[in-house]
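The values are calculated or read from the model by the stated rules, or taken from the named source; none is laboratory data. None of these values were measured; they are calculated from a predicted model. Cβ atoms come from the backbone with ideal geometry, glycine included; neighbour counts cover every protein chain shown.
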Amino acid sequence: MTDVSFVVPAGTKLGVVGRTGAGKTSLMTALFRLCELSAGRILIDGIDVGSLGLTYRSRIGVVSQEAALFSGTVRENVDPGGRLPDAAVWAALASTGMDDRVAAMAGGLGASIGDGGGTLSAGERQLLCLARLLAARPTVVLLDEASASVDWATDARVQRVLRQQLRGATLITIAHRLGSVSDADQVVVMGGGRVVEVGAPRELLARGGAYAALVHASDGR
């Protein structure tokens with residue numbers, strides 16, 4: 001990536017869009033310091049993350065396209081650190097609508113979900129990851145193509161839960177479905193590893209540039 005510069009005010013919603021290979025995933029890689037920057041800085045609350053230990057990652061919650069679950073119980077997947085009381089775990093599940101599903105499983109919170117959540121559907125795995133996110137209450141939330149592998153109904157539920165339950169958190173959505181960022185405060189359009197456009201969705205649509213072209217292409221126009 002080169003010439004990438006933008007500001008995300010705390011507590012706002014940012015959408016990152018672009019065609020395949022535009023540089024969207026590279027932004028996530030840089031945010032988590034999976035590779036170090038050769039130039040420039042990434043600041044969170046005014047602090048350069050390059051000057052911090054990797055424990056800063058605990059402040060960032062992630063929901064990715066492939067639900068990151070492991071072999072174990074529902075409780076172990078929602079609260080990996082085992083720090084929360086049962087009531088808090090159930091509350092997180094209820095916020096995503098997974099409480100009834102878990103209550104019907106033999107063992108409830110102690111029920112095994114199988115290797116990688118194999119006993120759950122793709123949508124249920126994503127919602128369980130979302131419950132883990134809600135339980136952790138991070139200050140920054142990154143959704144990496146989170147809706148790409150689920151149906152529209154699950155996508156709508158994920159977006160609704162995020163709006164209702166994560167008020168005050170900074171939400172960064174790397175979007176596959178442009179509808180996922182239609183209510184974002186700001187959208188960054190990536191292209192060729194660069195920032196092509198930045199602005200509110202309606203403003204970018206009215207401008208008729210790169211974002212508008214992506215929207216029209218997704219509508220089949």
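Of all residues in the stretch 183-210, those being assigned to a loop (DSSP other than H, G, I, E, B) and without any contact (Cβ under 8 Å) to a residue 60 or more places away in the chain number 3.
Checking Ala92, Ala111, Ala122, Ala104 one by one, the residue that is farther than 23 Å from Gly15 by Cα and free of Cβ contacts under 8 Å to residues at least 12 places away in the same chain is Ala104 and no other. Set side by side, the residues Gly108, Gly81, Gly116 differ, and just one is within 21 Å of the chain's Cα centre (by Cα), under 26 Å from Gln164 (Cβ atoms) and either modelled with pLDDT of 95 or more or not polar (S, T, N, Q) (or both), which is Gly81.
Within the stretch 40-67, residues that are modelled with pLDDT of 80 or more have Cβ atoms under 8 Å from residues that are surrounded by 15 or more Cβ atoms within 10 Å (Cβ to Cβ) and of a type in the set (Phe, Trp, Tyr) in these pairs: Ile44/Tyr56; Val49/Tyr56; Arg57/Phe32; Ile60/Phe32, counting only partners at least 6 apart in sequence or on another chain. Might you check whether a residue that is over 21 Å from Asp79 (Cβ atoms) and surrounded by fewer than 16 Cβ atoms within 10 Å (Cβ to Cβ) occurs anywhere in the stretch 133-148? Checked against the condition, which is being over 21 Å from Asp79 (Cβ atoms) and surrounded by fewer than 16 Cβ atoms within 10 Å (Cβ to Cβ), the stretch 133-148 yields at least one hit.
Inside the stretch 43-74, can you point out the residues that are among the β-branched types (Val, Ile, Thr) and more than 17 Å from Leu171 (Cβ to Cβ)? Within the stretch 43-74, Ile47, Val49, Thr55, Thr73, Val74 qualify. Only one entry in Ala88, Ala135 is aliphatic (A, V, I, L, M), more than 14 Å from the chain's Cα centre (by Cα), under 30 Å from Gly46 (Cβ atoms) and in a helix (DSSP H, G or I), namely Ala135.
For the stretch 106-132, filtered to residues that are among the aliphatic types (A, V, I, L, M) and not in a loop (DSSP other than H, G, I, E, B), the residue that is surrounded by the most Cβ atoms within 10 Å (Cβ to Cβ) is Leu130. For Val158, state whether it is in contact with a helix residue (DSSP H, G or I) (Cβ under 7 Å, 6 or more places away or on another chain), in contact (Cβ under 8 Å) with a residue 40 or more places away in the chain and in a helix (DSSP H, G or I). Against the criterion (in contact with a helix residue (DSSP H, G or I) (Cβ under 7 Å, 6 or more places away or on another chain), in contact (Cβ under 8 Å) with a residue 40 or more places away in the chain and in a helix (DSSP H, G or I)), Val158 qualifies. Of all residues in the stretch 73-105, exactly one satisfies the criterion of being at positive phi and exposed (fewer than 15 other Cβ atoms within 10 Å of the Cβ), namely Gly82.
Closer than 30 Å to Val188 by Cα and among the hydroxyl-bearing types (Ser, Thr, Tyr): is that true of Thr12 in this structure? Spelling it out, Thr12 is indeed closer than 30 Å to Val188 by Cα and among the hydroxyl-bearing types (Ser, Thr, Tyr).
Pairing each residue of the stretch 23-36 that is free of Cβ contacts under 8 Å to residues at least 12 places away in the same chain with any residue that is of a type outside the set (Val, Ile, Thr), provided the two are 6+ apart or on different chains, yields C-beta distances under 6 Å for Thr29/Cys35. Just checking, does the stretch 38-61 include any residue being under 15 Å from the mean Cα position of the chain (by Cα), of a type in the set (A, V, I, L, M, F, W, C) and either within 21 Å of Gln126 (Cβ to Cβ) or part of a helix (DSSP H, G or I) (or both)? For the stretch 38-61, residues under 15 Å from the mean Cα position of the chain (by Cα), of a type in the set (A, V, I, L, M, F, W, C) and either within 21 Å of Gln126 (Cβ to Cβ) or part of a helix (DSSP H, G or I) (or both): present.
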